[in-house]
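Contents: one structure, followed by commentary.
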Ligand SMILES: [Fe+2]
Ligand SMILES: [Fe+2]
């Protein structure tokens, strides 16, 4: 398929008058099979930045949610207000009760809207936890099997369980895979499943093929130094022509990746487009 992915919401904006940054991620996907919006950011940036970038949110055929967190689903309200009825592809755990639990704070970080409100605004939820094709040449990974020992994620992320909390493995985390003339194009949301687990699963499902580009949130920012080092090392083993990082990668990890990938590395912030 032909696809152009443009970052609409991200933690950083450079030299783009009128655009705003927020902690979040949203990527507009223009394809020859129709337009999609992968994630919606926090909700402060998506409508404004789409206008600045000349991207028409009313043209989307569907919304894809990489997982339930507020910084990816908060823009669903404003997007539905513009678009009206639309398919929303997500994992069946979308409405689970996620919290960030630190020593002195407990914060709800799940979808910031009740499901009936989103349905009243036009959301038609299409839940699926399997690797599946949503357009010819475009797949969602669904739930990604955890195979590496070191991709343990972020210990602050919890699920409500009775009066307490248990670790949230964020099983709902998924990515987008497109087959293009240049190779595979893999678009990550937050990649809580781990970038190596995700790329290995894509390889298992699609066979070992050249990857033209991997872009999006890697969630390598908030993890241990051990996970960072091992993931960056393992990533070098994949045949990736371009690596563009966003959002939860963080500047420190981005600099590690820049050193490891050289000219193949780029920052993927608001306005960056990959075709
Ligand atoms: Fe997340
Ligand atoms: Fe995120």
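The numbers here are math on the coordinates, done by the rules we state, and not lab data. Quick caveat: nothing in here was measured; it's all calculated off a predicted structure. Don't worry about glycine lacking a Cβ; one is built from the backbone with ideal geometry, like all the others, and counts go over all protein chains shown.
What the table shows:
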quantity: FRET efficiency, 1/(1 + (r/R0)^6) with R0 22 Å, evaluated for residue 149 and residue 239 via beta carbons; calculated: 0.40
quantity: Ellipticity estimate at 222 nm from DSSP helix runs (n ≥ 4, -39,500 (n - 2.57)) divided over the chain, nearest 500; calculated: -6000 deg cm²/dmol
quantity: Two-site FRET efficiency, residue 161 against residue 126, from Cβ-Cβ distance with R₀ of 30 Å, rounded to 0.05; calculated: 0.60
quantity: Max mean-square fluctuation residue, GNM over the chain, Cα-Cα springs under 10 Å, options 63, 106, 86; calculated: 106
quantity: Normalised contact order of the range 3-274, rounded percent, pairs of Cα under 8 Å and 6 or more residues apart; calculated: 17
quantity: Cα-only radius of gyration and Dmax that characterise the chain, units Å; calculated: 17.3, 52
quantity: Viscosity 1.002 mPa s, 20 °C: Kirkwood-radius Stokes-Einstein D of the range 74-133 over Cα pairs, µm²/s; calculated: 165
quantity: Residues of the range 45-81 with amide N under 14 Å of a point placed 7 Å along Cα→Cβ from residue 119; calculated: none
quantity: Rounded Å value of the spacing that divides the Cα centres of the range 48-118 and the range 229-275; calculated: 25
quantity: Rounded, prolate or oblate (a/c below 1.5 giving rounded, otherwise prolate when a/b exceeds b/c) for the range 1-139 by Cα gyration tensor; calculated: oblate
quantity: Contour excess over end-to-end distance, with Cα ends at residue 182 and residue 229 and 0.36 nm allotted per residue; calculated: 14.0 nm
